[in-house]
Amino acid sequence: MPGKRPPPAFIVADLPAMRAVFAASEASGRKLRAESPPGFAGFAGAGFWQAALAEAAAAHPAARVEAVLDCGEEAGLALAAIRAGVPAIRLRARTAARARLKDIARKAGVKFVEGRRPAACDLTVARDAARAATDYLSRSKGKATRPRRTGAR
């Protein structure tokens, strides 16, 4: 939809960061996006992503978070994520494979995210993900940033 700003985004690679994004959404009343690092499905897998989402959602039921699992260029990882019920995936595969998987995702009710990764706050470097997420929302207006030095490793 032209002119519509995407929700503020966060790069998430562990459960504390996922919880932080859900808590920030619930506290702010804003829709947020949690994006895994590129190719994360090949590292942690769809099962981990689903478990982290379920735990964070259970702890913060009023949160509105779109969580996108990046499958890199691996069509097999995307298919596994679709079968696992991951709500949204990103894939950078060949055009033919991408078109087939996009159709499979649509039929399974999984959002297939395309295009450039959004500007995001990288929580993978945050010492305190909850504080970094809250600070990012309060000062950035959705622009990409890394956590301030006091919250970084």
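Observations
- Rounded to the nearest 20, the size of the Cβ-charge dipole of the stretch 76-115 about its Cα centre is 80 debye, with Lys and Arg at +1 and Asp and Glu at -1.
- Note on the stretch 82-131 and the stretch 44-73: Cα centroid distance 11 Å, given to the nearest whole angstrom.
- Compared with the dominant principal axis of the Cα atoms in the chain, helix 95-108 is inclined by about 70°.
- Helix content alone sets the calculated 222 nm mean residue ellipticity of the chain: runs of n ≥ 4 DSSP H residues at -39500 (n - 2.57) each, divided across all residues, give -14000 deg cm²/dmol.
- Between amide H atoms placed 1.01 Å from N, distances below 5 Å from E35 occur with F10, I11, V12, V68, all of them 5 or more places distant or on a separate chain.
- Charge dipole magnitude, Cβ of K and R +1, D and E -1 - the stretch 1-142, Cα centre, debye nearest 20: 640 debye
- Acute angle (nearest 10 degrees) that the helix 45-59 long axis makes with the longest principal axis of the chain, alpha-carbon atoms: 40 degrees
- For the peptides 32-41, 59-68, the ranking by packing is 32-41, 59-68, with the highest mean count of neighbouring Cβ atoms within 10 Å listed first.
- 0 to 90° range, to nearest 10: angle between helix 15-28 axis and the chain longest Cα axis: 70 degrees
All of the numbers you see were taken from the coordinates with simple rules; none came from a lab. What you see is a predicted model, and the numbers here were worked out from it, not measured in a lab. Glycine gets a Cβ as well: all are built from the backbone with ideal geometry, and neighbour counts include every protein chain shown.
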